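A quick write-up on the structure given underneath.
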Amino acid sequence: MNAKLFPRTPRLDGADAEAKRGEIRAYFHATFDRYEQLFEALASDEAYFRKPIPLRHPLIFYFGHTATFFINKLVLAGLLSERINPRFESMFAIGVDEMSWDDLGEAHYDWPTVAEVRAYRGQVRAAVDDLIANLPLTLPITWDHLWWPILMGIEHERIHLETSSVLIRQQSLAYVRPHPAWAPCSDTGPAPANELVAVPAGKVSLGKARDDLYYGWDNEYGHHEADIPAFLAARHLVSNAEFLGFVEDGGYADDAWWPEEGLAWRNFTEARHPTFWLPDGNGWRLRLMLEEVAMPWDWPVEVNFHEAKAFCNWKAARSGAKVRLPSEDEWHHLAAFAGVAEVPEDGAAAANLHLDHGASACPVNRFAHGPLFDVVGNVWQWTETPIYPFDGFQVHPLYDDFTTPTFDERHNLFKGGSWISCGNESRLAARYAFRRHFFQHAGFRYVVGNPPPAPPPSHYESDKFLSEYAEFHYGDSYFGVPNFSQALAELAIQAMGERPKRLALDLGCAVGRASFELARAFDAVEGIDFSARFIGLGAEFAQRGVLRYTLVDEGELVSYRERRLADLGLEATRDRVSFFQGDACNLKPRFTGYDLILAANLIDRLYSPTKFLDGVHERVNPGGVLLIASPYTWLVEHTPREEWIGGYKRDGENVTTLDGLKTHLGAHFKLVQGPLEVPFVIRETRHKFQHTLSAVTIWERLP
């Protein structure tokens, strides 16, 4: 490997395991170093705590996030037996991206100092290095290999090398400073006129096999084929100069070019030009990551999907041609048509890619790919295609919510990578999708042709764990045992009596049945769960009113289920239920003022049940009700032994969970009912079920 090049994602086979160990070790340290080097561009500690944009955490979160990801995944995989800092590994675990462009909620975190996070990163580096040095290694490394989570952590940090660079670009110039490792391109000149290139018909076959020789994320695996009719493609990415025509023609002010979602975003943000364009008298300047420069008109414009789509609609009207964004399939066909190859192992990329040519975009006519330019590199290219799973898609058990939350037709794929896209991101098979309002180092190329076919529907659930929970919440009753979520909701509503029923919280809501059931009686219900996949399923059900999933019967044989809110008598509750991702031990301050909190099968799965129990009174209105249900299954893999509130002996005497509940809740609640035993059954296969009793206690908040 050329020492000047940022190391490429390694092949995962070979004849020399020790050489591969050394290669992965170097890959890890180079990635860890480069990520920390990115944050050296911040001018002060204050810059870590000043939010670049309201919808995201401050940069201190992202500085810690990639390190905690390593530890969380390595503990989950059983490669580390102990956590390094459980507080950090919870605080920095979730909340990477905003859920919506109009969600202005404030995070509730007592952030550590920069020095503390830097020291923690040093501890993580040492722990991972020790694993790489000593963990047995056989080749090849595949999806279920012992070493896969190590590669997962490295590639994850490379993703955040890029996403954090965008946040730094959005940070105030007062908080950043030039850095020799992040020097931008200085080339600029007249923008080339864009032309259309004829692309012949063809066929694409996409999807990686499980034995592929390079690391991949779950959405890359499986199989997809498509026939591509002939179309025309712009020779260049849309430059700043070409996009200026849209701006000067009043494109941001004319509602006609903006589809409904894009129009709502434009109106909310009051956007009048690309976000990185800065008015300068009668001209423009461009914000780069660490500085502002005179507008390089021959560089690609960087916009979100909504802006790219509005430009295409405007150009179609002005030209009379069917101008649009390409589909994912068409982008792959373009790459094959242009003869684009992977980034070489030991030479600079023939594209502005993998940090090989500076820390910014560059002119759109610098890197030719056949008759086109920048088929890969420079900036990501938005497509018309919402991400969907290929046939044979499976989630990886160590990262079950990497892709599945994006199967919602709100996240569009972009392709080709940018100047900072490294490792897996730079490979042709990479599939990354973001919400359409999202800003990345992304622009677009337009094509002319009939609309592409819609991608296969993505709204199904075939993951065994999620399907079991879907059936547990919304499916059949087994052995005469009533639906557990429905039974708890009924108990809670009965316990409310004549109390006000304005707002309820279903904490640890999983896939949401109790939230809908509570909404029969409450004006509004909020469901919160730590798992993005769980709340994603509940939110999808609320939005669409229909839920489809598969159930394992035996072996590879499955049966299909479709559930409808209307069939469950819950159709009228849809508009009264909202779902949020959150940590029960560290909720945002806005989650308060509840007349009822239902915490079902939650406390014995928390990393700190005492923190939850000691603070829950602050979120319940005086006279309100708290219902806690739990089978009291205390396990050290979920809750550290010292955090158990019961299920052990103290001074030779039994301490039960009920004792612990009374101890932690007694100052602010009185026990008004229970303990009751409520049974539930979880179906695993057609012939295997779990039967459990959950202890239910109902508490009233004291004045």
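Which lysines does residue 662 reach when only Cα atoms under 29 Å apart count, and residues fewer than 8 places away in its own chain are ignored?
List returned: 501, 588, 611, 649, 670.
Output ³J(HN,Hα) for segment 674-683: one whole-Hz value per residue in order, computed from phi by the Karplus curve 6.51 cos²θ - 1.76 cosθ + 1.60 with θ = phi - 60°, and x for Gly and Pro.
My calculation for segment 674-683 gives x, x, 10, 10, 10, x, 8, 10, 10, 7 Hz in order.
Calculate the length of the line joining the C-alpha centroid of segment 304-327 to that of segment 184-210, in whole Å.
Cα centroid to Cα centroid, the span is 17 Å.
Suppose only helical runs count, i.e. DSSP H with n ≥ 4. What mean residue ellipticity at 222 nm does that imply for the chain under -39500 (n - 2.57) per run, divided by all residues and rounded to the nearest 500 deg cm²/dmol?
Details: 16 runs with 198 residues, N = 703.
Theoretical 222 nm ellipticity from helices: -9000 deg cm²/dmol.
What angle, in degrees between 0 and 90 and rounded to the nearest 10, separates the Cα long axis of helix 148-170 from the longest principal axis of the Cα atoms of the chain?
Helix 148-170 and the main axis of the chain meet at about 70 degrees.
For segment 376-419 and segment 659-703, what is the separation of their C-alpha centers, rounded to whole Å?
Their Cα centres are 40 Å away from one another.
For Cα Rg over 2.2 N^0.38 Å, one of [x] 1.15; [y] 1.10; [z] 1.00 was computed from the structure I shared and the rest are decoys. Which label?
Computed from the coordinates, Cα Rg over 2.2 N^0.38 Å corresponds to [z].
What FRET efficiency would be calculated for the residue pair residue 319, residue 264, taking the C-beta separation as r and a Förster radius of 25 Å, to the nearest 0.05?
Values: r = 27 Å, r/R0 = 1.07.
After rounding, the FRET efficiency stands at 0.40.
What full-extension length gain, to one decimal in nm, is calculated for residue 649 and residue 255 as 0.36 nm per residue of separation minus the Cα-Cα distance? Kindly include the intermediate steps, with their values, before the conclusion.
On the way: separation 394, 0.36 × 394 = 141.84 nm, distance 6.87 nm.
Residue separation times 0.36 nm, minus the Cα-Cα distance, leaves 135.0 nm.
Which whole-Hz ³J(HN,Hα) couplings does segment 257-269 yield from phi under the Karplus relation 6.51 cos²θ - 1.76 cosθ + 1.60, θ = phi - 60°, glycine and proline marked x?
8, 10, x, 3, 5, x, 5, 4, 5, 4, 5, 5, 8
Modelling each spin label as a point 7 Å along the Cα-to-Cβ direction, I'd like the residue 544/residue 177 distance in nm, to one decimal.
About 5.1 nm, to one decimal.
Sequence-distant or interchain residues sharing an amide H contact under 5 Å with residue 231, placed H: which?
199
Sequence-distant or interchain residues sharing an amide H contact under 5 Å with residue 413, placed H: which?
Residues meeting the amide H criterion: 383, 385, 387.
In whole angstrom, and with the biggest value first, how far do the Cα coordinates of segment 17-182 range along each principal axis?
48, 35, 28
What do you get for the angle between helix 59-76 and the principal long axis of the chain? Use alpha-carbon atoms, 0 to 90 degrees, nearest ten.
60
Tell me, in nm to one decimal, what length is gained between residue 684 and residue 499 on full extension, where the rule is 0.36 nm per residue of separation less the Cα-Cα distance?
Numbers: separation 185, 0.36 × 185 = 66.60 nm, distance 3.89 nm.
Working it through step by step, the gained length comes to 62.7 nm.
Given contacts defined as C-alpha pairs under 8 Å and at least six residues apart, what's the relative contact order of the chain, whole-number percent? Each step should come with its number before you reach the end.
Numbers: 1345 pairs, mean separation 78.0, N = 703.
11 percent.
Write down the percent of antiparallel bridges among all DSSP beta bridges whose residues are both part of the chain, to the nearest 5. All intermediate terms of the calculation are to be shown ahead of the outcome.
Details: 64 of 88 bridges.
Percentage antiparallel, nearest 5: 75.
Using alpha carbons only, how many degrees (0 to 90, rounded to 10) separate the axis of helix 532-544 from the longest principal axis of the chain?
Between helix and principal axis, roughly 90 degrees.
GluC sites (Glu not before Pro), restricted to segment 309-383: which are DSSP loop and have at most 16 other Cβ atoms within 10 Å? Write down the numbers at each step before the final one.
Values: sites: 328, 330, 342, 345; in loops: 342, 345.
Here the GluC sites (Glu not before Pro) that fit, given the DSSP loop and packing criteria, are 342, 345.
Residue by residue through segment 336-353, which ³J(HN,Hα) values in whole Hz follow from phi under the Karplus form 6.51 cos²θ - 1.76 cosθ + 1.60 (θ = phi - 60°), with glycine and proline marked x?
For segment 336-353, the Karplus-derived couplings read 5, 4, 8, x, 6, 10, 5, 4, x, 5, 9, x, 5, 5, 7, 6, 7, 8 Hz, x marking Gly and Pro.
Skipping prolines and chain starts, which residues have an amide H placed within reach, meaning under 5 Å, of the one on residue 239, given they are 5 or more residues away or on another chain?
Amide H neighbours of residue 239, under 5 Å, 5+ apart: 301.
A short reminder: the numbers here are calculations on the coordinates, not readings from a lab. Only a predicted model underlies this, so the values are computations on that prediction, with no experimental measurement involved. Don't worry about glycine lacking a Cβ; one is built from the backbone with ideal geometry, like all the others, and counts go over all protein chains shown.
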